[in-house]
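Shown next, in structure tokens, is the structure this report addresses.
The values are calculated or read from the model by the stated rules, or taken from the named source; none is laboratory data. These figures come from a predicted structure and were not determined experimentally. Cβ atoms come from the backbone with ideal geometry, glycine included; neighbour counts cover every protein chain shown.
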């Protein structure tokens, strides 16, 4: 499944680029994510906690930086995640591109995501809406970090996130019809 999301931060592109490539620092901006190990400059391990209503999932995640193009402000990360209770796994290639616009930075994120096992059954229908909500939270946290404030550390999910995703799906049905 291909997911396309983006956001804007009120910071110069070079400053945003440095932050978004500092994985140990920027992980704190990702809702529900925790860095557990830095293997080297391009490989990390972490845990991502996701809660959607009564369903709690915890993923052990390996992240590798595969491509960095400094001049184009483009980076590609590959992730492999396994649900720690054996409910399935996920793989993703995440391409982030930054460009300057009127003194601000536009961040575009394209994710190619594959879900397997029970997590695929849980998530396929609402993953795009959840990804959009998480991107919004991530953007707010990145902006706070760029402004010198601490990002809000909140787990992914809960009833509110699930309801937002469900509402977005519902509205989407009427827009198509």
Are any residues in segment 49-78 part of a strand (DSSP E or B) and under 30 Å from residue 100 (Cβ atoms), and if so, which ones? 63, 64, 65, 66, 67, 68, 69, 74, 75, 76, 77, 78
Quick one: in segment 14-43, of everything that is under 10 Å from residue 63 (Cβ atoms) and part of a helix (DSSP H, G or I), which residue is nearest to the chain's Cα centre (by Cα)? 27
On the basis of being within 17 Å of residue 119 (Cβ to Cβ), in contact with a strand residue (DSSP E or B) (Cβ under 8 Å, 6 or more places away or on another chain) and exposed (fewer than 14 other Cβ atoms within 10 Å of the Cβ), does residue 72 make the cut? no
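Residue-by-condition table, conditions (1) surrounded by fewer than 17 Cβ atoms within 10 Å (Cβ to Cβ); (2) over 24 Å from residue 60 (Cα atoms); (3) modelled with pLDDT of 90 or more; (4) under 15 Å from the mean Cα position of the chain (by Cα):
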| site | (1), (2), (3), (4) |
| --- | --- |
| 84 | yes, no, yes, no |
| 87 | no, no, no, no |
| 121 | yes, no, no, no |
| 125 | yes, no, no, no |
| 130 | no, no, no, yes |
| 167 | yes, yes, no, no |
Would you mind finding the one in 78, 92, 64 that is surrounded by 18 or more Cβ atoms within 10 Å (Cβ to Cβ), over 19 Å from residue 140 (Cα atoms), without any contact (Cβ under 8 Å) to a residue 24 or more places away in the chain and in contact with a strand residue (DSSP E or B) (Cβ under 6 Å, 6 or more places away or on another chain)? 92
Please determine, by comparing only the residues of segment 1-13 that are more than 14 Å from the chain's Cα centre (by Cα) and assigned to a strand (DSSP E or B), which one is nearest to residue 151 (Cα to Cα). 9
